[in-house]
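Report on the following structure.
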Amino acid sequence: MYKDEDKLLVRIAEMYYQEDKNQSQISKELNIHRSTISRLLKRSRNEGIVTISINYDKAGTYDLEKQLQEKFKLKKAIIVPAASDLNRTQKDKLLANGVGEYLGEILADDMIIGFSWGETMSAIPEGLGSYNVNNITCIPMIGGPSGRLISDYHVNTIAYEASKKLNGRALMIDSPAFPETVSLKKALMENEFNQELIDYWRKLDIAILGIGSPILQMNESWKQFYGEDVLAYLEGQKVIGDVVSRFYNSDGQHIDNELDDRLIGIDITDLKRTPYRIGIAALADKAEAIASALKGEYINVLVTTEETAQEVLKR
C-alpha cells in the first residue's frame, strides 16, 4: 500500500490511462476498494495529475457544426466535406446525402414533408435512403414558375421523385407561384385542391428548402422562375435573401411587399411552425443570405459545405 497519497494518485492514473487496466483490476492489484479507485481517479483529474484533451481536428467539421448550432440556436448543423474544386452539381449531391442521413434520424410514420424548388433542391431525391417508415406525404410548398424552368428544378418534380424514394405519395400543384393579379390568386386558391394544400401547409412536420439570394438574380433559373416583372420589383428593396419566395432583410425580418399578396405558397407563419425546417445551400456567395435566414429562424437545421459555414459564422 502506498503511503504517499500523491504517488498513489499517479500510480492509479498510470494503471488506468496508460496500462488500460480497469478499476476492478486496479482494486485487486493495490488491494483498495473499487469505489475508492473511482474517487481517486476523479481527484487525479481535478488536481491536474491527469489532463484530458480532445483533438477536434480529428472530428473534421464537428467544431464548426457546434459553433453554428450555438450561435444560431439550431437543432442541427450538418457540414459536408467538399473540396473547393468540386463543381456545383457535385456539391449539391453531397448536401443531398447529408439531408438523407439526417432524415434517417427524424423520419416517422405519417409525416408530411414540404419541398421548395431549385437547382440544389433537385438533388434531394437522389440523396434519400431506405427508411422503415409508412404513409409519408410529399407536397410542394410553393407554386410553379412564371416562365419555362428546367423540369428537374420544378417543385412538383422534386416532391414526386422524393415520394417514390420514400414509398409515399405526392401532391402536385397546378398554380403559378405569382399569378398576374391578386384576384386571380384568390380565384385559384378557392379550388378544392389548393384548399387541401393549405391544410397540409399548416400541418407540415418537415420543410426542406433552398435559400435564395438577390446576388443571384442574374441566374438563369431565377429569371425563369420569377419572370422579369418580379425581378424588376425586387430591385431597390432591401432584400438579402428569400425562402420559398418570402423575402427578408439582413436582420432576418420579413419584408412586407405586394408580391406577398400574389404569392401562392406556404405562409411564413406556417413555415416557422414546422418542427424541422431544413435549409440547404452550397454557395459561399450566399453566406449573408444564409446567416440572415438563420437569424430570422426560417430554418432550424442547416446543411452546407465547410467553406460556406466558415463564411456564415463571420456574419
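Read-outs throughout are calculated quantities, based only on the coordinates presented, and are distinct from any laboratory measurement. Predicted model, so just to flag it, every value in this text is computed and none were measured. Note: ideal-geometry Cβ built from the backbone for every residue, glycine included; neighbour counts use all protein chains shown.
Observations on the structure shown:
- A protection proxy built from the mean count of other Cβ atoms within 10 Å ranks the segments 183-195, 129-141, most packed first, as 129-141, 183-195.
- Only helical runs count toward this figure. For the chain, summing -39,500 (n - 2.57) over DSSP H runs of n ≥ 4 and dividing by all residues gives -12000 deg cm²/dmol at 222 nm.
- Zone of Lys75's modelled label, taken as backbone nitrogen in region 241-282 under 17 Å from a point 7 Å along Cα→Cβ: 269-281
- Read-out percent of Cα pairs over 35 Å apart, derived from the coordinates shown; its label in [x] 34; [y] 23; [z] 52: [x]
- Gain on full extension, evaluated as 0.36 nm per residue between Asp267 and Glu192 minus their Cα-Cα distance, stands at 25.2 nm.
- Other residues whose C-beta falls under 13 angstrom from the C-beta of Gln69 contribute a net charge of +2, scoring Lys and Arg +1 and Asp and Glu -1.
- Total formal charge among the other residues, if their Cβ is under 15 angstrom from that of Gln90, Lys/Arg +1 and Asp/Glu -1: -3
- Average Cα contact separation per residue, region 5-46, under 8 Å, 6 or more apart, as relative contact order %: 42 percent
- Spin-label model distance (nm) - Glu180 vs Lys164, 7 Å beyond Cα toward Cβ: 3.5 nm
- Nearby lysines by direct alpha-carbon distance to Lys76 (threshold 23 angstrom, same-chain neighbours under 8 apart not counted): Lys58, Lys66, Lys91, Lys93, Lys203, Lys272, Lys286, Lys295, Lys314
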